1. Under a point spin-label approximation (7 Å from Cα along Cα-to-Cβ), what is the residue 128-residue 10 distance to one decimal in nm?
2. Across the chain, how many lysine pairs, 8 or more apart or on two chains, come within less than 14 Å at their alpha-carbon atoms?
3. For residue 23 and residue 97, FRET efficiency with R0 = 30 Å and r from the beta-carbon atoms, rounded to 0.05?
4. With only Lys, Arg, Asp and Glu charged, each at its Cβ (+1 for the first two, -1 for the last two), find how big the charge dipole of the range 146-328 is about the Cα centre; round to the nearest 20 debye.
5. Could you tell me the largest-minus-smallest coordinate of the C-alpha atoms of the chain on each of the three principal axes, in descending order and whole angstroms?
6. Counting other Cβ atoms within 10 Å, keep those with at most 14, restrict to DSSP loop, and tell me which GluC sites (Glu not before Pro) in the range 93-171 are left.
7. Please list the radius of gyration and Dmax for the range 96-152, considering alpha-carbon atoms only, with Å as the unit.
8. Calculate the dipole size of the chain relative to its Cα centre from +1 charges on Lys and Arg beta carbons and -1 charges on Asp and Glu beta carbons; express the result in debye to the nearest 20.
Amino acid sequence: MNAAPGASVFGAVHLGYIVVETDRFADWRRFGADAIGMHHDDLSHDLMRFRMDDQECRFLLRRGPAEDVVAIGWHIDDHTAFERIEHRIRAHGVPLVEGAEEEAALRGVERLLRFPGPKGITQEIYTTPVTSAEPLNMLASGWVTGEAGMGHVAITSAKPTLMRGYFATVFDARLTDCIDETISGVRLKIRFLRVNERHHSIAIAAVRGLPIDPVRTRVQHLNIQTASLDDLARSYERVHELGFDMALSVGRHTNDKELSYYARTPSGFEWEVGWNPIVIDETTWQPTTHQGISTWGHLPVGQTIVDKLDQFRLGARSLAHAEKTVPALSGAGIADD
């Protein structure tokens with residue numbers, strides 16, 4: 001029996017893997033394994049992976065000039081939900097491509113479908129991850145993945161309503177809450193979307209009143225969640241000791257209550273390591289708007305006036321280049337909170 005296309009897939013979607021294109025393999029190896037503490041596998045001169053659990057791949061790094069996230073993989077619980085998503089994408093006239101066997105193997109999955117995503121980030125879906133019996137060799141005691149997925153992705157956008165509509169159309173993403181924040185006189189609104197029990201798997205940040213994007217990379221940051229507070233503290237120390245840039249010091253967020261810090265990756269986007277965020281109870285949760293990103297901490301580390309001016313320069317440059325969207329999947333009538 002074919003899956004009913006109109007039924008919700010909420011709760012059956014989990015962030016599964018990330019694909020990064022970079023030429024800075026040596027730096028990424030030190031960052032991911034020696035600083036953050038994940039398991040590392042060299043596949044070839046042009047391919048490298050990081051593991052966090054028994055899934056063969058959580059981060060695939062391939063050699064190339066982008067210095068950015070180029071694809072996001074979503075683990076779909078079962079074939080019924082998978083077919084619902086596939087049907088939606090085809091029904092909206094958006095092309096779907098089946099990944100080659102070699103591509104699926106590199107990502108540690110049996111089969112994948114890919115389709116266009118906002119800001120040019122390819123979206124990929126799969127149902128069956130390949131697990132590895134090889135023991136994990138990593139500095140962290142463990143990471144929280146499972147039903148909550150492996151973390152979240154934060155994206156800046158000049159068209160946040162279209163981006164929110166996209167993830168609502170494709171994955172039935174729900175608005176968890178919003179944050180209003182003013183940084184250096186710039187007013188930001190951040191919308192947090194969930195697709196399962198994790199407080200958010202996607203965060204969308206926009207400059208209020210200005211159609212600019214102040215970030216060079218497609219993603220602003222990635223997040224992964226440590227199993228223990230000690231893991232968080234020790235990785236923070238290693239990031240400092242190994243000389244990687246720290247973007248924001250340790251702090252606690254107002255909305256998901258996660259304790260975290262933000263390091264800067266060798267590719268330039270940020271990497272948040274967090275611990276102990278709240279888990280959403282769907283029976284009681286109501287979206288709210290918080291004032292300010294953090295209750296304490298998360299202070300900029302080593303930021304200068306030059307850095308701030310560079311952000312404004314990037315924002316101005318974004319006006320000359322239209323942000324990539326997928327109008328057919330971006331939904332209509334999503335209110336701009």
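Laboratory data are not the source of any read-out in this text; all were calculated from the coordinates shown. Just so you know, these numbers come straight off a predicted model, no measurement behind them. Heads up, the Cβs are rebuilt from the backbone with ideal geometry, glycines too, and the neighbour counts pull from every protein chain shown.
1. 3.0
2. Counting lysine pairs in the chain gives 4.
3. 0.70
4. On the way: 20 positive and 21 negative charges, 158 e Å.
Dipole magnitude for the range 146-328 comes out near 760 debye.
5. In descending order, the Cα extents are 58, 49, 42 Å.
6. Taking the range 93-171 and a limit of 14 other Cβ atoms within 10 Å, the loop GluC sites (Glu not before Pro) found are 110.
7. 13.9, 39
8. Computed about the Cα centre, the dipole is about 1140 debye.
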